1. What FRET efficiency comes out for the pair B:ALA196/B:GLU325, r = Cβ-Cβ distance, R0 = 25 Å, nearest 0.05?
2. List, by residue number, every residue in region A:152-168 with a reduction of 50 Å² or greater in accessible area between the chain on its own and the complete protein assembly, 1.4 Å probe.
3. Under a point spin-label approximation (7 Å from Cα along Cα-to-Cβ), what is the B:GLU250-A:ALA141 distance to one decimal in nm?
4. Just the number please: accessible area per residue for chain B, 1.4 Å probe, all protein chains included, in Å².
5. Go through region A:212-231 and flag every residue whose accessible area shrinks by 30 Å² or more with all protein chains in place compared to the isolated chain (probe 1.4 Å).
6. Express the carbon and sulfur contribution to the solvent-accessible surface of region A:144-250 as a percent, rounded to the nearest whole number, probe 1.4 angstrom.
7. Could you give me the ³J(HN,Hα) list for region A:390-401, computed from phi with Karplus coefficients 6.51, -1.76, 1.60 and θ = phi - 60°, whole Hz, x at Gly and Pro?
8. Helix B:364-377 against the longest principal axis of chain B: what's the angle in degrees, Cα atoms only, rounded to the nearest 10?
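The values are calculated or read from the model by the stated rules, or taken from the named source; none is laboratory data. Small disclaimer: the values here were computed from a predicted structure and weren't measured. Quick reminder, even Gly has a Cβ in these numbers, built from the backbone with ideal geometry, and neighbours come from all protein chains shown. Note: accessible area is taken over every heavy atom of the protein model, side chains too, but ligands, DNA and RNA are not part of it. Shrake-Rupley method; radii C 1.70, N 1.55, O 1.52, S 1.80 Å.
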Amino acid sequence: MTQQGVRWTADQVLALAPDAPSRKAGSKLGVAGPWSEAGSSGEGTVWGLCKGSGSKPYQTVVDITGAGDAAGPAYKCSCPSRKFPCKHALGLLLVWAGQDGTVPEGEPPAWAEEWLAARRKRTTEKRSSPTPSTPADPEAAQRRAEKRAERITAGVTELEQRLSDLLRGGTATAEQTGYGLWEETAARMVDAQAPGLAARVRELGAIPSSGPGWPVRLLEECALLHLLDQGWLHREELPAELAATVRSRVGLPAQPQGPPLRDHWLVLAQYDTADSKLTTRRIWMYGTESDRTALLLSYGAAGRAPSLALPVGLAFDAELSPYPGAVQLRADLGEQLTAPAPTPLRPPGVRVSEATARYGEALRKDPWLESHPVTLAEVIPTRSQDTWQLTDPEENLALPLAPSAASRPGLWRLVALSGGAPLTVFGECGHRGFTPLAAWPKDAEGAIPLC
Amino acid sequence: MPAEARTPALTPWEELVTTALLGTDRRALATPGKEAPRTLLDEAAAHTVRRRAGLRPAPAAAPPEPATDDPRPPVPPAARRRLATLLTDQPGSGGSGRRGAAPDLMELLPQWLSLANARGYGAPPELLPALLNAARGRTDLRPQALTFAGPRALWLARLNPDWKFALRSTPGGGISLPDPDDTAQVRQLWEEGLFAERVALLTTLREHDAQAARALLSATWRTERAEDRLMFLDTLRTGLSETDEPFLEEALTDRSRNVRATAAELLSALPASALAARMAARAASCVAVDHVASTPTLTVEAPHECDAAMERDGVLPKPPAGRGERSWWLGQLVDSAPLTSWQSRLGNRTPTEIVALPVADDWRGELHAAWCRAAVRQRDAAWSRALLGTPASPDAAGPGAVSLAERAKLLASLPPRERADWVAGFIAAHGLSEAFQLLGVCATPWAEPLGRAVVDSLNIARDAGSYPWSFSGVMGLAERCLDPAEAVRLEALTAIPDEPENASPGAGSYWSEAFQRLVTTLRLRAAITTELTPDKPQRNGS
């Protein structure tokens, strides 16, 4: 076997691609032909020369260890592409993942070593002299924070007024007024520096055209928005954890707090959601010793993949720094102490009744929570009329799949994996239904991603 | 938390929704409050959180019948990853006309599948949806893809209408056929089964025990519908032998004309059959050697009528538009007559000597074409060789007596090595432009001389300064059929050559790109073979 006994799978490599064209272009370069002088080191770096259309081949280096700086893989390529990672980096990783002997272990050539050394130096410096998180001028920072809180309060007050006006006149009119009203209100919330509120307001605008049952959904979301407004206005009276949740839901940036959690973390799932400006990547991790589930978030500006990428199904020792908040799922990846390696471990599953109970519990701490991560033991994907559910044969109960999940290709991968037999499924359980994200068939060695 | 929200909500949820729709100005809330909209929102918030927190699982629907077990071993991990990569390369997602230097991964899928099937591997379940989608878009992939996909794919296809084709393409819709030796079971399925099941049964049985299959068929023959009889008769092509003759002879009197024609065709492929003898006698009366001429010459006297006996033996009386009746009848007589009968008829000459004889009155084309059809149907290597002639002969490439399509068919009756050598000779003499069809019938991977002839010709075409896309068909074939071991020799051709004066602009770099793609594809094919061959330990880059 090779370095740390592990190579990524093609799926894992392709998950790094910033968009579909890059994925395709990368796959085509993922073969021995165009590559020369390719190699990899025991420390998890891969390099190679890729023949392009020009006379000089491109020099491509990838550092997959993340070198402990929590940024995930790093790439360097002499090609002019603005995509990140570029198709050459993807192709090189695919060749490396393909294990056909094109990428032997060895010493990096000078051009690769130069970059790697500089990178190692930066990381060491960063680690030995951690930048102090306290700002230079605490008083000025305090003043800025107060100023921002005032602006948010003004925005919240205005939003409350708008909600009251809406309900006084009736939501029936919302069907006609359409997006305009909400877009304008959302813009006001952006001005008030409350991006969390702005996003919720924008979603309100889409509900009246979302099909049957919209009046119920609109009232629910208006009510929860109102609850958040009131939470902000009364944040001084709330328990500290709930207040922290309200702050982050409104959109105030938070910093990880508390001691880092060191554990053997299993990567359960990784998926992206994107709007026109931002790609958000969610990575679910399971601490095999602490039995905790954590969520890592990473962002990429339009056209760029979020920098953090972790191979689903593998596990590694690492420190995670949790964020404040009542449910405490979000965390930042700290130092990685080992490289990701396959593991026979899988998260212990619960029955479906326990899954809904856990979501209920979590709502008590964070009423705005859409869903909660949970692993189901022994469920069978089952067609129920025109939708799908996960049936627990032991309890004779089932969780319906969320509408968005039932239309994704991952559904069929799940059904195929099951073949009508029970299997373990990790996913998000919420009021819209269950969204499966990874599955472990009975005799499989590792997790199989569904997203 | 605001004080109002802590008090239990009094108004029922439905009531709140109605009020919210109409507006508090129009419809008063039951709960008194100084500010109605605010009270409504407070109560709705309490309701919403309570409703969500109180979520319960739904009653379970009946789960599907589990899929039947696939006893085959799973593909090795490296091969599994390769398949995942091949399947991600969906056609139509790129869309630029030029192919560039990267290999066409989808084109390698058939090779991957046939190797995996030959090694008896089973499909990884999580890749079944992608595999079924690929097979859905490409009918040519279906047989191999469905064999590899196994029973679970059929189980999936019953759940997803997009994959219905899998149930149609699998004989009997994936039902399990009885053991061919279990006579009682076989008879029961034959008598009670659906049409598709019966065809599948007969096909399987015919491969296993040709006579038993025919016995089964003749037992119910008279009661079958005409279109069913035609399909059943078709299964006799497998393992056709003299013992089938009485049955086929009887089918010559069938009510259905298509059945009669098929029976006649099958009989004519049996040179010792009575039908073949009758056809030989008829054909022989039409062709003779004229010894009076200065050199021996073949004379042809086409039949003057198509009598009832000829019709009964499968001769179609009506020619297609544009063909004369008499030459149409002659063609059918000659292509159904056993080729062996000509040697004694035409003065104990060898096939080569017969083919070389001049033919009087412009009958040569007609006569040779019929012999070609006969040689193909009777798989006669000696006659095929004679009709093909030498690959270097000038009319081998031109519109001579024997067309390229016919040559391709004739080649198929030669042993693989001879076939490859003949095509190599043809390419060396005539270049690549006419060789495409002939290459298609050669065994893969191409034998060394053939591979070399193709590569040399490509090289010559490049030096001549033309563009590579004039040869894209042959290039594509080479990617699929060249022996991967050739990759090393081809490496030198990937360099961009100096452009000769009269070359098409930029051709050099396009050729370099095309050869690069060829080399890359060959390497990939070598990797695919290694990954699917478990005895060879995987090289792991150490």
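1. The value I calculate is 0.05.
2. Correct list: A:LEU167, A:ARG168.
3. Label-label distance for B:GLU250 and A:ALA141, simple model: 9.9 nm.
4. With all protein chains present, chain B gives 47 Å² per residue.
5. A:PRO215, A:VAL216, A:LEU219, A:GLU220, A:ALA223, A:LEU224, A:HIS226, A:LEU227, A:GLN230
6. Of the solvent-accessible surface of region A:144-250, carbon and sulfur hold 53 percent.
7. Each residue's phi maps through the Karplus curve to give 9, 8, 9, x, 6, 8, 6, 10, 8, 9, x, 6 Hz.
8. That helix lies at roughly 60 degrees to the long axis.
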